[in-house]
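What follows is a single structure, written as structure tokens, with notes after it.
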Amino acid sequence: EDECLPPNAWVNKEWSFDNIGSAFISLTIIAWGETWESYLWGAVDSTPPHLAPNMNANPALGLFFVLFFLFGNYLSINLFAATLIDDLLLHNEDLAHLTPSQRAFIKNIKIMLAARLPPPCRPPEQLWRRVLFRWMF
């Protein structure tokens, strides 16, 4: 720790996990995929307080960041696509400039959104099948 006193000091990144607000912004950046690798390697090399970072000291955190990136990126892309489709469906009268295949796609989306799911199946009578049924559904 004495070696890190000025002029040599460890400085946190602009967005870190030191407080809730900064952590939320960091996770948002990771979910959108912007420079998420630097957060990944910073976490993998992290050590307890007052110790120097050590290469690959905490590889389990790497799995968390990769999974969070995959699910967060998937969710953010789906939200973006859903917003675009919702906006397109909202402005139905502006379909004159679309090609026939695009009109067919919009028609199919409307059919899928209006469809109702069938009623759920009854559980089986046998105990072992009912347990398996409830586990599956």
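Quick notes
- Scan of region 88-109 for residues that are modelled with pLDDT of 80 or more, open to solvent by less than 80 Å² (accessible area, probe 1.4 Å) and part of a helix (DSSP H, G or I), ordered by number: ALA104, ILE106, ILE109
- Residue list for region 20-52, filter: open to solvent by less than 90 Å² (accessible area, probe 1.4 Å), assigned to a loop (DSSP other than H, G, I, E, B) and either closer than 30 Å to PHE80 by Cα or touching an Asp or Glu at 6+ places or on another chain (Cβ under 9 Å) (or both): GLY33, THR35, ALA52
- PHE64 more than 21 Å from ASP18 (Cα to Cα) and open to solvent by 70 Å² or more (accessible area, probe 1.4 Å): no
The values are calculated or read from the model by the stated rules, or taken from the named source; none is laboratory data. Given the structure is predicted, the values throughout are model-derived calculations rather than measurements. Cβ: placed from backbone, ideal geometry, glycine included. Neighbour counts: every protein chain shown. These accessible areas exclude ligands, DNA and RNA; they are computed on the full protein's heavy atoms, side chains included. Shrake-Rupley method; radii C 1.70, N 1.55, O 1.52, S 1.80 Å.
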